[in-house]
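Written out below as structure tokens is the structure these notes cover.
The values are calculated or read from the model by the stated rules, or taken from the named source; none is laboratory data. All figures in this text were calculated on a predicted structure; none of them were measured in a lab. All Cβ positions, glycine included, derive from the backbone under ideal geometry; neighbour counts span all protein chains shown.
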């Protein structure tokens, strides 16, 4: 009886590991929001790391986190590092593209709780008296992440933070 149970458990584990191997090698999470403000008012909230405290969901998860900023906090080349609690971890961001009132791209590096490098992009599209802001993050999906995402939906987890952040960005821009 114990032998049969052990074989079933080994079979389940093997099945999970084989299934994980078939998962995509990359991931993408994307959310959008319509903000009743011109792109010129929304853009500085994204393009200047010192203004992220007005909307970033992670700023609120650990108000005591240590922050470091480069000499310039906005535009291409600006960088922002953080070290915080378990929810925010440790990492660094650098603006790699800054197109006024249109787009901001970032290189995002996590060091803790796990190492990863991802690309983040914000696009701003005027639509009448609204600005459509789209927040996208993509990156590689290593094998261990493939296994984890069988049990935890990364799009739902990160997507909730994106939705919260876009809601806060909307509130800040519409003041």
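Name the residue that is nearest to residue 113 (Cα to Cα), counting only residues in segment 137-148 that are under 16 Å from the mean Cα position of the chain (by Cα) and crowded, with 17+ Cβ neighbours inside 10 Å. Walk me through how you get there before you give the answer.
Quick first cut of segment 137-148, residues under 16 Å from the mean Cα position of the chain (by Cα) only: 137-141, 145.
Then drop every residue that is not crowded, with 17+ Cβ neighbours inside 10 Å, which leaves 137, 139, 141, 145.
Values: 137: 18, 139: 17, 141: 16, 145: 13 Å.
Checking each candidate, the answer is 145.
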Go through (1) farther than 21 Å from residue 164 by Cα; (2) assigned to a strand (DSSP E or B) for residue 114 and report which single condition fails. (2)
Close pairs from segment 135-146: first closer than 22 Å to residue 47 by Cβ, partner part of a helix (DSSP H, G or I) and modelled with pLDDT under 90, Cβ under 7 Å, at least 6 apart: 137/158
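Please tell me if residue 175 is surrounded by fewer than 12 Cβ atoms within 10 Å (Cβ to Cβ), without any contact (Cβ under 8 Å) to a residue 24 or more places away in the chain and not in a strand (DSSP E or B). Walk me through how you get there before you give the answer.
Details: surrounded by fewer than 12 Cβ atoms within 10 Å (Cβ to Cβ): yes; without any contact (Cβ under 8 Å) to a residue 24 or more places away in the chain: yes; not in a strand (DSSP E or B): yes.
Yes, satisfied.
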Hits in segment 132-172 - residues which are farther than 26 Å from residue 25 by Cβ, in contact with a helix residue (DSSP H, G or I) (Cβ under 9 Å, 6 or more places away or on another chain) and either modelled with pLDDT under 95 or in a strand (DSSP E or B) (or both): 133
Can you tell me which condition residue 115 does not meet? The list is (1) surrounded by fewer than 17 Cβ atoms within 10 Å (Cβ to Cβ); (2) over 28 Å from residue 17 (Cα atoms), and all the others hold. (2)
Only strands (runs of 3 or more DSSP E) wholly contained in segment 12-102 count here; list those with 3 or more residues that are surrounded by 13 or more Cβ atoms within 10 Å (Cβ to Cβ), on the phi < 0 side of the Ramachandran plot and touching a strand residue (DSSP E or B) at 6+ places or on another chain (Cβ under 8 Å). 26-35, 79-83, 90-99
